[in-house]
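J.: The structure under discussion is supplied below as structure tokens; questions concerning it will follow.
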Amino acid sequence: METLLTIARQTFIEAYIDSTSIEDLNKYFEQAMTHDIFEQNLLTTDSRYYFIEVEKQIAGYLKLVDKDTKLLLQRIYVLSDFHSVGDGQKLMDYALSVAKELN
């Protein structure tokens, strides 16, 4: 749980720090990225989280949600240190393979 919360917050900051104040990011974290919210998501059967690991370090994650016989890609984030090396594409490819398995 803590790994998921940490990577989610870190990648979100990296994605939005240039256009959003740290105060607004912290407000968002208090509303949408709390331990309780992530725990609730993990306990529901419709939310799935997947990590990508590079040399035993979490490089990013994605969140898939089963909704009305559809699979939604709700989040896909990769740490900036791993940009431009194909990890985002690997996550996307994995999401597509999960979608194909379900149909």
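J.: Using the Cα centre as the reference, give the magnitude of the dipole from point charges on the C-beta atoms of the chain (Lys, Arg: +1; Asp, Glu: -1; all else neutral), rounded to the nearest 20 debye.
T.: The dipole of the chain has a size of about 320 debye.
J.: Would you mind estimating how fast the chain diffuses translationally, via Stokes-Einstein at 4 °C and 1.567 mPa s with the Kirkwood radius over Cα pairs, in µm²/s?
T.: Translational D for this selection: 89 µm²/s.
J.: Write out the trypsin sites (Lys or Arg not before Pro) in the range 15-103 meeting two conditions: DSSP loop, and at most 14 other Cβ atoms within 10 Å of their Cβ.
T.: Of the trypsin sites (Lys or Arg not before Pro), the ones in loops of the range 15-103 whose Cβ has at most 14 other Cβ atoms within 10 Å are 56.
J.: If you roll a 1.4 angstrom probe over the protein chains with everything in place, what fraction of the accessible area of the chain belongs to carbon and sulfur, to the nearest %? Please list the in-between numbers first.
T.: Details: 3370 of 6840 Å².
About 49 percent, which is the carbon plus sulfur part of the accessible surface.
J.: Distance cut-off 24 Å, Cα to Cα: go down the list 27/70; 70/90; 63/100 and report the pairs above it.
T.: Violating the 24 Å limit, Cα to Cα: 27/70.
J.: Leaving ligands, DNA and RNA out of it, work out the accessible area of residue 80 with a 1.4 Å probe and give it in Å² to the nearest 10.
T.: Rounded to the nearest 10, the figure is 60 Å².
J.: Apply the a/c threshold of 1.5 to the C-alpha gyration tensor of the range 12-63 and tell me whether it is rounded, prolate or oblate.
T.: On the way: a/c = 2.72, a/b = 1.20, b/c = 2.26.
Oblate, because a/c is 1.5 or more while a/b does not exceed b/c.
J.: Would you mind working out the accessible area per residue for the chain, using a 1.4 Å probe, and quoting it in Å²?
T.: Accessible area per residue: 66 Å².
J.: Provide 35, 83 ordered by accessible surface of protein heavy atoms (probe 1.4 Å), highest first.
T.: Highest to lowest solvent-accessible surface, that is 83, 35.
The values are calculated or read from the model by the stated rules, or taken from the named source; none is laboratory data. Here the structure is a predicted model, which means the values were calculated and not measured. Neighbour counts run over all protein chains shown; Cβ positions are idealised from the backbone, glycine included. Areas reflect the complete protein model, heavy atoms only, side chains present, ligands, DNA and RNA absent. Shrake-Rupley method; radii C 1.70, N 1.55, O 1.52, S 1.80 Å.
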